[in-house]
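Engineer: Handing you a structure now.
The values are calculated or read from the model by the stated rules, or taken from the named source; none is laboratory data. Everything quoted here is computed from the prediction, not taken from an experiment. Every residue, glycine as well, gets a Cβ built from its backbone with ideal geometry; the counts of neighbours run over all protein chains shown.
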Amino acid sequence: MTPTQAVFFASICLTVACGVKRPVAADNKFRELSRLTADTAESPTTDFPACGTKWPGALAPLNKKLLGSFTGVRPAFEFSISSSRYPLVVHAMNSTKLEYATRILAYADKSWEEIVEHLGFRAPRPDEIGGDLQRGDVDPRIDIYIRDDLMAGVGGYTGFSGFDDKTPETDAVGYLVIADLLTDVYIRGVVAHEFFHLSQMAYDWFEHPGFMEATAVWVTDHVFDDENFYSRYYAYYNKTPSQGIDHISLADPYQYGAGMWYQYFDEKFGQGNGSAIRKLWEGTVQTEMNNEPDFFDVMRSMVGGGDNLKNEFADFGASRLFVGSRAGSRADGHHLREAETWSERVIPTFIELGDFTEMRSRTWSAPSGMEPYSHAFLRGINIPEDAIMHIEFDVTSEKNIRVEEVKTASKERVVILTRLYEGEYDPELSSKGAVAVSGRVSFDANVSIATQSVHFTQHKISFDRVK
């Protein structure tokens, strides 16, 4: 795609039904992440809110000045209230929205206090490009608009105003749009989520959208720690565990739920105080529009290399398992913070191996294969303690797979498979194809586990025992 073609296509992508948003691209093509409609059968409510923000990928043909010209028409308003603490202002169509606007402003103040002052993330860039353009003046405060015409299921979005020309970085300026008539618990989560997008824009406007959405869900627990709004999204991540950490779904909020991995990462490398995620964002800052370094590069650096990152992601599999009522069954007591308070729906989907009292062997498969940096959970029940699980795989292509058996409930056996990646994974350039993984499981008693092996089509690796 030539620069001229890219600019033309971007101008088409900008205008959407719920307001003008930013262009989206990846691999030198534009892709628009459409509204994520929640699965009402799996959601706690039919108005489970999704983020309508559109993110750019690697826009190599464009430069900062050129892309900065793609700013949209902001929502109309007739009434505003301002924060006395921070440079924030909420706009509505009329003063009948005063009570609702006041709550939004209070939650925006709280988001600024926790995200910027306590966790130490960058403050949003001053909105000097925006302001009250309808009246011809420039206002550096961050604008938050209330809209009553967003698509069903969308709680809000973060809009693109342009770039901060005072820096050489790909940092951007934006504004927030929040849906009207959200219930109070949803207002809090949506405002914190969208506010963090403004902070992310102050670091790197070209970072991977999955990383942006996942960390914006993760942060809501640090802003409003008195309820588990964030964990509802984690359920979507664990519902399809064989999808990759950077997988983007247009059918459900999978990428939001991937915040579970960043919670693990922050608790392991930042004591759960947000410092590890802040270092991730600080490391992604760039001056070129090629998303280098990306968040995977920074994670590898923080943990001491690619092999260490693979080991950490493999260990993370147990943290995905020990949630809800299962959190208390982990012998060493180590599980994600608050995991024992999460809904049972956060428990991952299992590949069921069957009941030992009814069968001795069976075949199994990961239904959709396994993408890079994903897990699969195999479970058998009523298996005696002295039984040994033999697992044979038939893997059709690149195989970097780890195996771990985890002790859980009495007479239940769970094996966690981790699909990794040969070499250094790049979320924009590496193949995301799912590898077909299937095999046969049989159970025999009184066989030493140390003698067991995992057999691939062309590979043989040791069976990893659980600690």
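Engineer: Does the stretch 201-216 hold any residues that are part of a helix (DSSP H, G or I) and closer than 18 Å to V173 by Cβ, and which are they?
Structural biologist: Of everything in the stretch 201-216, those that are part of a helix (DSSP H, G or I) and closer than 18 Å to V173 by Cβ turn out to be M201, M212, A216.
Engineer: Quick check on the stretch 433-467: of everything there that is over 19 Å from T363 (Cβ atoms) and either of a type in the set (D, E) or at pLDDT 80 or above (or both), which residue is surrounded by the fewest Cβ atoms within 10 Å (Cβ to Cβ)?
Structural biologist: Among residues in the stretch 433-467 that are over 19 Å from T363 (Cβ atoms) and either of a type in the set (D, E) or at pLDDT 80 or above (or both), the one surrounded by the fewest Cβ atoms within 10 Å (Cβ to Cβ) is G433.
Engineer: If you don't mind, another one. Scan the stretch 263-292 residue by residue and report those that are closer than 16 Å to G210 by Cβ and part of a loop (DSSP other than H, G, I, E, B).
Structural biologist: T284, N291
Engineer: Find the residue count for the stretch 173-206, including only residues that are in contact with a helix residue (DSSP H, G or I) (Cβ under 6 Å, 6 or more places away or on another chain) and among the charged types (D, E, K, R).
Structural biologist: Result for the stretch 173-206: 1.
Engineer: Tally the residues that are assigned to a helix (DSSP H, G or I) and in contact with a strand residue (DSSP E or B) (Cβ under 7 Å, 6 or more places away or on another chain), restricting the search to the stretch 85-97.
Structural biologist: Qualifying residue count, the stretch 85-97: 2.
Engineer: Looking at the stretch 345-368, which of its residues are touching a helix residue (DSSP H, G or I) at 6+ places or on another chain (Cβ under 9 Å) and over 15 Å from G257 (Cα atoms)?
Structural biologist: Within the stretch 345-368, none qualify.
Engineer: Among the candidates G274, G304, G283, G270, which residue alone is free of Cβ contacts under 8 Å to residues at least 24 places away in the same chain, on the phi > 0 side of the Ramachandran plot and either under 16 Å from the mean Cα position of the chain (by Cα) or assigned by TED's automatic domain parsing to the domain that holds V154 (or both)?
Structural biologist: G304
Engineer: Condition check: outside the structural domain of V116 (by TED's automatic domain parsing) and out of contact with any helix residue (DSSP H, G or I) (no Cβ under 7 Å at 6 or more places or on another chain). Does T341 satisfy that?
Structural biologist: So T341 fits the description; yes.
Engineer: Taking the condition surrounded by fewer than 18 Cβ atoms within 10 Å (Cβ to Cβ) and within 30 Å of D171 (Cβ to Cβ), does E340 pass?
Structural biologist: No, not satisfied.
Engineer: I'm told Y175 meets every condition in (1) touching a Ser or Thr at 6+ places or on another chain (Cβ under 7 Å); (2) under 26 Å from Y264 (Cα atoms) except one. Can you identify the failing condition by its number?
Structural biologist: It is condition (2) that Y175 fails.
Engineer: Right, another one. If only one of V177, V219, V190 is under 18 Å from L150 (Cβ atoms) and assigned to a helix (DSSP H, G or I), which one is it?
Structural biologist: Checking each option against the conditions leaves just V190.
Engineer: Is at least one residue of the stretch 385-404 touching an Asp or Glu at 6+ places or on another chain (Cβ under 9 Å), free of Cβ contacts under 8 Å to residues at least 40 places away in the same chain and surrounded by fewer than 17 Cβ atoms within 10 Å (Cβ to Cβ)?
Structural biologist: Yes - at least one qualifying residue is present in the stretch 385-404.
Engineer: Another one. Given the options S95, S84, name the one that is free of Cβ contacts under 8 Å to residues at least 12 places away in the same chain and of a type in the set (S, T, Y).
Structural biologist: S84 is the lone residue from the list that is free of Cβ contacts under 8 Å to residues at least 12 places away in the same chain and of a type in the set (S, T, Y).
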